[in-house]
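S.K.: The structure under discussion is supplied below as structure tokens; questions concerning it will follow.
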Amino acid sequence: MTAVDLRKGNLAFLEQAAAPVAEALSHLPPSAPAAPSPEPPANPTFMSRLAVQAPEPEGRDPYLTRFIQDILTEARAADIPLLSSPTFTLSCALMVMGTLETRGLLNFVRKTRCIYLFVVIDDLERFNANLDLVDWPATARQVRNHGGEIFFIPSDDPVVIAGKAYSILSATAPWALDAMTIAAFGPVPITQPLADTLGRLGYRALSTLGTFYDNCLMLRNSETNLRQPKSFLYTRRARPARNLPAWVIGSGPSLDTDLAFLKKNQDRAVMISCGSALAPLIAAGICPDFHVELENLNVGMVLDPVARSFDLSPIPLVAPISVDPDAVGKFRCTVFTSRQNLPTHSLYALDMDCQPILGEPTVSNLALAFAREQNFPEICFFGTDMGARDRDRDHADGTWHRTSGDDYHAPEYDIPVPGNFGGTCQTSAGLYQALQALSLAVKHDPSDRIYLNCSDGAAIEGARAVRSADLTPPPATQPKQKTVAAILDDFVPWNASRMPSPWPGPEMIVEIEGQFQQLRGILKGIRNFADKAYIPMAGQVFRYAEGHTELAPAGAKSAANILVRGSVGAHLVFMEYFLNRLTTPEHLAHMGQACLRFLDKSLDDILADARDRIGGDRVRNIPDFDAIRTPPGAQFPPGPPMPRNAPCPCGSGKRYKQCHGRTA
């Protein structure tokens, strides 16, 4: 095939498989493509292997905890060692970039047996030049022959690339997250930042799975919340610009220094308090105009001390319909938002406009989404530290986190990020995801809205750092109560007739039974656990795209699917986690069959609990979380150690103690 024919075939393929890329290529001037390298590298010049965080028992649901315990106990009984990191052989998800050519790329795809191939286009001109070198239709055929797919990601922003890749995996087969390989052919400046970002954002991709217990709890919460008076349904739509700025107020330690400013100027902005920031604000004589909560558990516990000392009834609450019901009755009214990846969204036939854009994973994200979608011309952050400069002081004085004693356990602040006023701030894995979501929302806002950040914590990209002492908010042109009233008047009261009657529990159970039967049929057909064709097949059973990249259909069947797919997905994530760390085909076959036995037991347990909790005429018998969670300090049984003088299973030819054993 000539270079001209290859280019022509590639362009025709891209028009079908990646229309935005083909469109961008069509706008390149004829002189734009650079001369291709005479000898593109046949092998990667940069390669990084990503891994899911090792499982920890604390906080896991009981099904997953027992599943992991059984796997480790079996490995120890059979004397099958487990590596601390994935072996460098198979990679279900492969991300490539740089100067590629057909033979080298196809060899690499064949070697890794990848199911999902992500092609990063960080330089459109280089990619254009490569159209004379790479046979993209042939590459796609090889991936699709294994039941996989090829995806093109045109961006040079590591956060955008990582977010897109993880969004695709979350919507297809989340258990492909472990052992993803990123490979560059030739020099590509973003490779290391991208590998770092993928490692950090992988936590968020896993956390979106949810658990069966959480979903049952959120069903119960929603059934309670939506029967309360003074309930409104959130909607996204075009709105006129408000005549005041909005201040999003978090509970970071820098809030302490800004309380005096906020009290002095509270009539000049609409104040939106986030979670535990409410207590220090109220104590300082500041009454927020809106309060935002997010969690489905223990919110009432945090709010109770505040409600005992102060009247919260003048404040409207903005929260998901699945929020802890103990929070709802304390406020003037509740504007309920939705989350399309929860079973409630399908069960109540809600549409996309009920979900704020980028309103997760923290209350600060939801507050920002609310402020943006109410069309405030200026948004300023206070106490939105998203980390800590002092790891021993991560919340403002007066918050539950500072007054609850031993009930609060701070996360690991081990990720350095740029500080808002210079220097470095330390953040945690969870807050890193929230920080990136805040930055995406600000950077990609198409309006001319002004963003300011007075928080002395992590920098939010796109928001200008400014000290509160340097702010001079203008007087309000009208009482801000009119602005608050106009916002509330824009939301329609919740119509309880949208709630299913009678409760569709039996229909949901039939759907779950059918899905579990399909999954068992797929997994029992596995003949070689190194052939990952079962990964996309299992993903299709549980329709992970619904509620992630597409709207889930209304009805009980979709709700049932979302109810159980998170826990099932988490089991498969850690099944793959352990299978990726085995050292011989014999060990892979033994542990693969053992995993299927243990998974079968978990499916039986989940189904039995589903029949009990949602299979009757209502949601019932939801146990307290403390009754099902693994106690703090619990440890999984250790797996057998790798013989240190054995050959390293990565294939380097070195002894284990001289290779992967050095970091084990």
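The values are calculated or read from the model by the stated rules, or taken from the named source; none is laboratory data. None of the values given here were measured: they were computed from a predicted structure. We place every Cβ from the backbone using ideal geometry, glycine too, and count neighbours over all the protein chains shown. Quick note on the areas: whole protein, heavy atoms, side chains included, nothing else; ligands and nucleic acids left out. Shrake-Rupley method; radii C 1.70, N 1.55, O 1.52, S 1.80 Å.
S.K.: Determine the equivalent ellipsoid of the range 4-150 by diagonalising the alpha-carbon gyration tensor, then write out the semi-axes as square roots of 5 times the eigenvalues, largest first, rounded to whole Å.
M.R.: Details: eigenvalues 321, 53, 39 Å².
That gives 40, 16, 14 Å for the three semi-axes.
S.K.: Where in the chain is the longest stretch that carries no trypsin sites (Lys or Arg not before Pro) classed as loop by DSSP and with at most 15 other Cβ atoms within 10 Å? Could the numbers behind the result be given before it?
M.R.: On the way: sites that count: Arg227, Lys230, Arg237, Arg332, Arg391, Arg393, Arg467, Arg527, Arg618, Arg620, Arg644, Lys654.
Segment 1-226 is the longest.
S.K.: Same structure again: Evaluate the charge dipole of the range 444-562 about its Cα centre and quote only its size in Debye, nearest 20, assuming +1 on the Cβ of each Lys and Arg and -1 on the Cβ of each Asp and Glu. Numbers along the way, then the final one.
M.R.: Values: 12 positive and 13 negative charges, 60 e Å.
Computed about the Cα centre, the dipole is about 280 debye.
S.K.: OK, next. Please list, in order along the range 605-610, the HN-Hα scalar couplings obtained from phi with the Karplus expression 6.51 cos²θ - 1.76 cosθ + 1.60 (θ = phi - 60°), rounded to whole Hz, x for Gly and Pro.
M.R.: After applying 6.51 cos²θ - 1.76 cosθ + 1.60, I find 5, 5, 5, 4, 5, 5 Hz.
S.K.: With a 1.4 Å probe and all protein chains left in place, how much accessible area per residue does the range 340-484 have, in Å²?
M.R.: On the way: 5960 Å² over 145 residues.
Value for the range 340-484: 41 Å² per residue.
S.K.: Can you list residues whose amide H is under 5 Å from Asn453's amide H, if they're 5+ apart or on another chain and H is modeled 1.01 Å from N?
M.R.: Residues meeting the amide H criterion: Phe381, Arg464, Ala465, Val466.
S.K.: How big is the dipole moment of the chain about its Cα centre under a simple scheme where the beta carbon of each Lys and Arg is +1, that of each Asp and Glu is -1, and everything else is neutral? Debye, nearest 20, please. Kindly include the intermediate steps, with their values, before the conclusion.
M.R.: Working: 62 positive and 70 negative charges, 158 e Å.
So the magnitude is around 760 debye.
S.K.: So what are the ³J(HN,Hα) numbers for the range 314-327, from phi and the Karplus equation (6.51, -1.76, 1.60; θ = phi - 60°), rounded to whole Hz, Gly and Pro as x?
M.R.: Whole-Hz 3J(HN,Hα) from phi for the range 314-327: x, 9, x, 9, 10, 7, x, 5, 8, 5, 3, x, 5, 8.
S.K.: Can you tell me the relative contact order of the chain? Whole percent, Cα pairs under 8 Å, sequence separation 6 or more. All intermediate terms of the calculation are to be shown ahead of the outcome.
M.R.: On the way: 1246 pairs, mean separation 135.3, N = 664.
Worked out over the chain, it gives 20 percent.
S.K.: Express the relative contact order of the range 409-561 as a whole percentage, based on alpha carbon pairs under 8 Å and six or more residues apart in sequence. Numbers along the way, then the final one.
M.R.: Details: 117 pairs, mean separation 23.3, N = 153.
Reported relative contact order: 15 percent.
S.K.: Which value results when the Cα radius of gyration for the range 117-232 is divided by 2.2 N^0.38 Å? Present the calculation step by step, with values, prior to reporting the outcome.
M.R.: Values: Rg = 19.6 Å, N = 116, 2.2 N^0.38 = 13.4 Å.
The value comes to 1.46.
S.K.: Taking the Cα centre of the range 509-664 as origin and charging only Cβ (+1 Lys, Arg; -1 Asp, Glu), how large is the dipole, in debye to the nearest 20?
M.R.: Charge dipole, the range 509-664, about its Cα centre: 820 debye, nearest 20.
S.K.: Over the range 72-156, with the other protein chains present, what is the accessible area per residue in square angstrom, probe 1.4 angstrom?
M.R.: Working: 3070 Å² over 85 residues.
Ligands and nucleic acids excluded, the result is 36 Å² per residue.
S.K.: Leaving ligands, DNA and RNA out of it, report the carbon-plus-sulfur percent of the accessible area of the chain at a 1.4 Å probe.
M.R.: Here carbon and sulfur together make up 51 percent of the probe-accessible area.
S.K.: Could you compute the net charge surrounding Pro504? Neighbours are other residues with a C-beta less than 13 Å from the C-beta of Pro504; K and R count +1, D and E count -1.
M.R.: Values: positive: Lys557, Arg618; negative: Glu223, Glu507, Glu511, Asp617.
Net of charged neighbours comes to -2.
S.K.: On to the next question. Could you pull out every residue, at least 5 positions away or on a different chain, whose amide H is within less than 5 Å of the one on Phe376? Hs are placed 1.01 Å off N in the peptide plane, and Pro or chain starts have none.
M.R.: Long-range HN contacts for Phe376: Arg242.
S.K.: How large is the convex hull of the Cα atoms of the range 168-243 per residue, expressed in Å³ as a whole number? Walk me through the numbers before you get to the answer.
M.R.: On the way: hull volume 16.5 nm³, N = 76.
Convex hull of Cα atoms, per residue: 217 Å³.
S.K.: Give me, ordered by chain and number, the residues 5 or more places off Phe46 or on other chains with an amide H under 5 Å from its own placed amide H.
M.R.: Distant-sequence amide H within range of Phe46: Ala184, Gly186.
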